[in-house]
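Undergrad: Got a structure for you, written out below as structure tokens; questions coming shortly.
The values are calculated or read from the model by the stated rules, or taken from the named source; none is laboratory data. Since the model is a prediction, treat every value here as computed from it, not as a measurement. Backbone-built Cβ (ideal geometry, glycine too); neighbour counts: all protein chains shown. To get the accessible areas, we keep the full protein, side chains included, count just its heavy atoms, and leave off ligands, DNA and RNA. Shrake-Rupley method; radii C 1.70, N 1.55, O 1.52, S 1.80 Å.
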Amino acid sequence: MTNEEAKFILSAYRPNGSDSGDAAFGEALRMASGDPALGDWFGRSRAHDAAVAQKLRQIAPPSGLREAILAGARVSGRETRSGPGWGWIAGLAAAAMVAIGVFTMRAPVRPQADAADFAGFAINDMVSAKHGSRGEASGALIARLQTEGAKMPSGADIDFDRMRDTGCRTLSFKGRQVLEVCFVRDGSLFHFYMMRGVSSPGGAAAPGPSFVTLAAGAAAVWSDGRFDYAVSSTAGVEAIRRLL
Amino acid sequence: MNNEAFAQLVDAHYAPLYRFALSLARNGSDAGDLVQQTFFIWATKGEGIRELSKAKSWLFTTLYREFLRGRRRDSRSSSLEDLPAGEKEPAAEDIDRVARIDAATVMEVLQTVDEAYRAPLTLFYIEDMSYQEIAEALEVPIGTVMSRLSRGKSQLRMALERAEAAAGSKVLPFPNSKGARAS
């Protein structure tokens, strides 16, 4: 074994010495103890490793992460029993909404489960489905959504049935029809979803926007009473917030 | 697994998992998401692992898989063959340098190391994993782990040296009050 080969092997030796009994390091360790130059190199290498490790272990997780993890697990128990295809994403969304409540105190502390499910639905559809809406009504809505500075439309401005009947992409969420169009704003792609509200106050979404961020993307959900809405994107929650 | 046992599992691993995720994702928000996602998957699938001694490896493997799955592959990513070989030997000043730099900056510098090296390096430093444990967690051969540790450490030392030089070039030395003179 050459000194270079010994250095290569000793690079995997942990600075706390817990590998001293590992036969894979035996010959390299013997060389380091008998060769002053190699021994010096090994000493410096271990000291450097220990210094880097000590620094990196000082990095603390953000406050609230632990609570968010535990909340997510509680949600997961419920979602795995219901088991729809996008249920795990919806469970994550619900957990994330709790997390957002913990981190920023801006979202509802206990968001309605359906709102989290709708956000999860929007994120899952964004990343996993083939998109594309047709029809004049859809085109008009897309043009409006892509207008710089335009706020999200309300149900009073949209003819839901006409859009559905003239080629707008239509999905199903818990038995309710959902319209979806894609639009680009400030160079980012967004997905707009709307569905009729149910008889319960506020429908699926809380009146004010609630935000969900997951590894796959972010979504906002809100309601005007008549319709429930969601916007999802991979551009992040701040990009979505600017639309509202 | 009951709630108490799950909470103990979270307490034991969420901080090192977050540090690992932070080194991979390179921002706190995505790192938090990855950690939450990992424990969520545990809650839905991982409870089948009855040997808690394997839970740590399972969690790190799952987080790494989720990172790879969610990441967008961009054209800038290099194959290992394209990466430069390590050349920076550890010197005494390298050790002093690390002592001078704060933890957040060390993490930022680690995040600049090529991804293929960053994952094993982080597990080595943060979780004190052996090369065998790293190989198991990242699902790569032992020889690959050794090679990546050797090259990655060299790349990290070079990056730390560059980071300190860059910081030094932006900071004017503060005059010693006794030695300062009006000119």
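Undergrad: How many Cβ atoms of partner chains, on average, are near each residue of B:122-131 if near means within 10 Å of its Cβ?
TA: Numbers: counts 1, 0, 8, 11, 5, 3, 6, 1, 7, 9.
Mean number of neighbouring Cβ atoms from other chains: 5.
Undergrad: State the percentage of accessible surface on region A:3-57 attributable to carbon and sulfur atoms; use a 1.4 Å probe and exclude ligands, DNA and RNA. Kindly include the intermediate steps, with their values, before the conclusion.
TA: Working: 1260 of 2430 Å².
That share works out to 52 percent.
Undergrad: Checking an interface number: how much accessible area is buried between B and A, summed over both chains, with a 1.4 Å probe, in Å² rounded to 100? Write out the running numbers ahead of the final one.
TA: Details: alone 11640 and 13020 Å², together 20200 Å².
That pair of chains buries around 4500 Å² in total.
Undergrad: Mind checking region A:1-68 for GluC sites (Glu not before Pro) that DSSP puts in a loop (not H, G, I, E or B) and that have at most 12 other Cβ atoms within 10 Å? List each step's numbers first, then the result.
TA: Values: sites: A:E4, A:E5, A:E27, A:E67; in loops: none.
Answer by residue number: there is no such site.
Undergrad: Can you list residues from other chains, or at least 5 along the same chain, whose modelled amide H is less than 5 Å from the amide H of A:G197?
TA: Those qualifying (amide H under 5 Å, at least 5 residues apart or on another chain) are A:F227, A:D228.
Undergrad: Do any residues of region B:136-158 show a loss of at least 30 square angstrom of accessible area between the isolated chain and the full protein assembly, using a 1.4 Å probe, and if so which?
TA: When all protein chains are present, B:M146, B:S150, B:K153, B:R157 each give up 30 Å² or more of accessible surface.
Undergrad: Right, here's the next one. For B:111-119, what's the mean count of beta carbons from other chains sitting within 10 Å of each residue's beta carbon? Walk me through the numbers before you get to the answer.
TA: Numbers: counts 0, 0, 0, 0, 0, 0, 0, 0, 0.
Taking the mean over all residues of the peptide, I get 0.
Undergrad: Where in region A:1-27 does accessible area fall by at least 40 Å² between the isolated chain and the complete protein assembly, at a 1.4 Å probe radius?
TA: Residues shielded by partner chains are A:F8, A:S11, A:A12, A:R14.
Undergrad: Follow-up question, since we're still on this one. Tell me, what % of the accessible area of region A:112-243 is carbon and sulfur with a 1.4 angstrom probe? Each step should come with its number before you reach the end.
TA: Details: 2750 of 5470 Å².
Solvent-exposed carbon and sulfur of region A:112-243 make up 50 percent of the total.
Undergrad: At a probe size of 1.4 Å, how large is the accessible area of B:T105, to the nearest 10 Å²?
TA: Near enough 40 Å² of accessible area.
Undergrad: Could you report the accessible area of B:R26 in Å², rounded to 10, computed with a 1.4 Å probe on the protein chains as they sit in the structure?
TA: Spelled out: B:R26, probe radius 1.4 Å, area about 130 Å².
Undergrad: I've got another one for you. Compute the accessible area per residue over region A:3-57, keeping the other protein chains in place, probe 1.4 Å, unit Å². Can you show the working numbers first?
TA: Numbers: 2430 Å² over 55 residues.
That works out to 44 Å² per residue.
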